[in-house]
Structure formats: structure tokens, C-alpha cells
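*Asks:* My structure is below; once you've seen it, I'll send some questions.
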Amino acid sequence: YDFLPELGITVIHAVYSRFVSDLNRPPDGSALYPGRFETGLVPLETFAGERIFSEPPGPEELERLRREFHEPYHARLAELLTAHVDARGRVVLVDAHSVASGANRLHPALDRDIYLGDRDGETCGSWLRECLRTAFEVEGLSVSVNDPYKGGYITDHYGRLPGVESIQIEMCQRVYMDELMPEEGPRHRSFDIARHALRRAALAARIA
């Protein structure tokens with residue numbers, strides 16, 4: 001995603017693990033998908049069900065992590081969105097993630113390359129979803145919409161604000177790297193394809 005600023009696109013990203021504080025979860029710890037397995041604001045286990053902490057953090061530590069990591073990120077994101085809406089009347093928020101393709105407690109093995117989520121059409125117009133879907137499919141990538149990922153807290157919360165349209169992208173890690181040998185990174189044969197597809201999608205959303 002390092003090419004985004006040159007396209008005039010504002011970027012904000014975390015510099016710490018989601019195991020410290022998951023920015024895509026509600027600050028009050030409420031469920032995103034009631035009745036389904038999901039991890040919390042500070043995950044206590046991985047999606048595979050593995051324990052993260054030998055001793056889970058207590059209430060005071062959880063609150064400290066929320067204040068020091070979750071709260072500042074969202075304060076800055078809200079500030080940026082407000083500035084863009086004030087200046088232009090509208091803004092598009094794309095929440096970009098990657099996901100391991102193997103089965104876990106959230107979903108079976110993933111058979112598509114890209115997963116778009118707009119909370120079943122509640123956080124953006126169909127134009128944005130279809131714009132991104134087409135941009136990826138033109139590059140030969142398969143796309144699923146709102147299954148199994150509908151968008152997390154960032155997409156849901158900010159996509160309901162006046163002037164903001166939001167959508168989540170989950171890209172399967174196998175698209176751009178060998179999941180068994182992640183150290184290959186940009187040398188992986190499909191890395192440039194994935195990068196080009198993301199650039200096309202970013203340009204399409206910006207122009208539209």
C-alpha cells in the first residue's frame with residue numbers, strides 16, 4: 001500500500017499487533033456478530049483457538065491498552081474523516097486487511113482471493129462495492145461479497161456517519177505470498193499482480 005500517498009490518498013495504519021489492541025473491534029467490547037465466535041478488543045486467543053497470554057490481562061490492563069492504543073487511533077481517524085467531509089462533502093474509507101486462507105474458528109478454508117464487506121450494503125453505495133469488485137476481477141482475482149466477512153467495527157461505525165462511505169477489503173495472503181514461507185515477501189511470483197490489482201482498485205474508487 002505504499003503507493004497510495006502518490007495517488008493523493010490519505011493513509012493511516014497501525015504500527016503494532018492486533019494482539020495489543022484490535023482496532024477493528026468496538027471500544028466497549030460489544031459483539032460485532034452476536035452468536036458467532038469472535039475475538040475482543042484485546043484478543044485472548046487466536047482465530048485458531050490458541051491462547052495468546054499465559055495469564056490474561058485484568059480489567060485495569062485492558063483499559064490501559066484501550067486508552068493507549070485503540071482510542072488515539074480512532075481519534076485520529078475520526079479527525080481525518082471529518083476534515084475530508086468538511087473540505088469535499090464526502091469521503092470514502094477503505095479498511096484494508098489480509099487474511100490467512102486456512103480454516104479456523106471464524107470460517108472454513110477460503111476459496112476466493114478477495115473478500116469485500118459493506119455490512120450487507122449498509123455502509124456504502126453499491127457503486128463502491130461494484131467498482132472494487134470489477135477492479136479486482138479484471139486482474140483475474142476472485143471476489144466474494146459479505147461472506148464470510150461483512151466488515152468490522154471500522155467499516156460499520158464510520159460508514160454510518162454523514163458524508164462517509166466505507167468498505168472493508170480482506171485479501172487472502174496466498175494471493176501475494178507463500179503462506180508457508182512468508183519471508184519471501186515481495187519476491188513471491190504473484191506479489192506484483194496483487195499490488196497492481198490494489199492500485200487499480202484504489203484508482204477506480206478515487207475516480208468514481
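*Asks:* What is the sum of charges around residue 65, taking Lys and Arg as +1, Asp and Glu as -1, for the other residues whose C-beta is under 13 Å from the C-beta of residue 65? Can you show the working numbers first?
*Replies:* Details: positive: 18, 25, 64, 66, 67; negative: 22, 60, 61, 63, 68, 71.
Local charge sum for residue 65: -1.
*Asks:* Ok, one more. With a 10 Å cut-off between alpha carbons and a GNM built on the chain, which of 110, 23, 93 moves the most?
*Replies:* Per the Cα network of the chain with a 10 Å cutoff, 110 tops the list.
*Asks:* In vacuo Debye scattering of the range 5-207, one point per C-alpha: log10 I(q)/I(0) at q = 0.15 Å⁻¹?
*Replies:* Each listed q corresponds, in turn, to -1.05.
*Asks:* Continuing with this model, one more query. Applying the Karplus parametrisation 6.51 cos²θ - 1.76 cosθ + 1.60 with θ = phi - 60° to the phi angles of the range 66-83, what ³J(HN,Hα) value in whole Hz is obtained for each residue in order, glycine and proline being reported as x?
*Replies:* 4, 5, 7, 10, 5, 5, x, 4, 6, 5, 5, 4, 4, 4, 5, 4, 4, 4
*Asks:* Also, quick follow-up: Count charges around residue 150 for me, please; just the other residues with Cβ under 11 Å from its Cβ, Lys/Arg as +1, Asp/Glu as -1. Kindly include the intermediate steps, with their values, before the conclusion.
*Replies:* Numbers: positive: 36, 119; negative: 118, 120, 122, 147, 156, 170.
With Lys, Arg at +1 and Asp, Glu at -1, the neighbours total -4.
*Asks:* With a ≥ b ≥ c taken as the square roots of the eigenvalues of the C-alpha gyration tensor of the range 36-75, please select rounded if a/c is under 1.5 and otherwise prolate if a/b is larger than b/c or oblate if it is not?
*Replies:* On the way: a/c = 2.77, a/b = 1.50, b/c = 1.84.
Because a/c hits 1.5 or more and a/b fails to exceed b/c, the range 36-75 counts as oblate.
*Asks:* May I pose another question? Once you keep just the Cα pairs under 8 angstrom separated by 6 or more residues, what percentage relative contact order results for the chain?
*Replies:* Values: 308 pairs, mean separation 45.0, N = 208.
Relative contact order, the chain: 22 percent.
*Asks:* Under the Karplus relation 6.51 cos²θ - 1.76 cosθ + 1.60, θ = phi - 60°, what is the ordered set of whole-Hz ³J(HN,Hα) values for the range 176-183, x standing for Gly and Pro?
*Replies:* 10, 7, 7, 5, 8, 9, x, 5
*Asks:* Taking the chain as a Gaussian network, where each spring joins two C-alpha atoms under 10 Å apart, which residue of 134, 46, 123 fluctuates the most?
*Replies:* 46
*Asks:* Also, I was wondering about something else. Express as a percent, rounded to the nearest 5, the fraction of DSSP beta bridges in the range 97-208 (both residues included) that run antiparallel.
*Replies:* Working: 4 of 10 bridges.
Antiparallel bridges make up about 40 percent of those DSSP assigns within the range 97-208.
*Asks:* Loop only by DSSP, 12 or fewer other Cβ within 10 Å of the Cβ. Give me the chymotrypsin sites (Phe, Trp or Tyr not before Pro) in the range 36-88 that pass, ordered by residue number. Intermediate results must be reported in sequence, preceding the final value.
*Replies:* On the way: sites: 37, 47, 53, 69, 73; in loops: 37, 47, 53.
The qualifying sites are 37, 53.
*Asks:* Could you pull out every residue, at least 5 positions away or on a different chain, whose amide H is within less than 5 Å of the one on residue 98? Hs are placed 1.01 Å off N in the peptide plane, and Pro or chain starts have none.
*Replies:* 171
*Asks:* Which of the listed residues, 182, 69, 207, is farthest toward the dipole's positive end in the range 5-207, when Lys, Arg count +1 and Asp, Glu count -1 at the beta-carbon?
*Replies:* Of the listed residues, the answer is 207.
*Asks:* Just to be sure I understand: of the beta bridges DSSP finds with both ends in the range 5-207, what percent are antiparallel, rounded to 5?
*Replies:* Values: 5 of 17 bridges.
Antiparallel bridges: around 30 percent, rounded to the nearest 5.
Read-outs: derived from the displayed coordinates by stated rules, not from any lab. From a predicted model like this one, the values you see are computed outputs, not experimental measurements. Ideal geometry is used to build each Cβ from the backbone, glycine not excepted, and the neighbour counts take in all protein chains shown.
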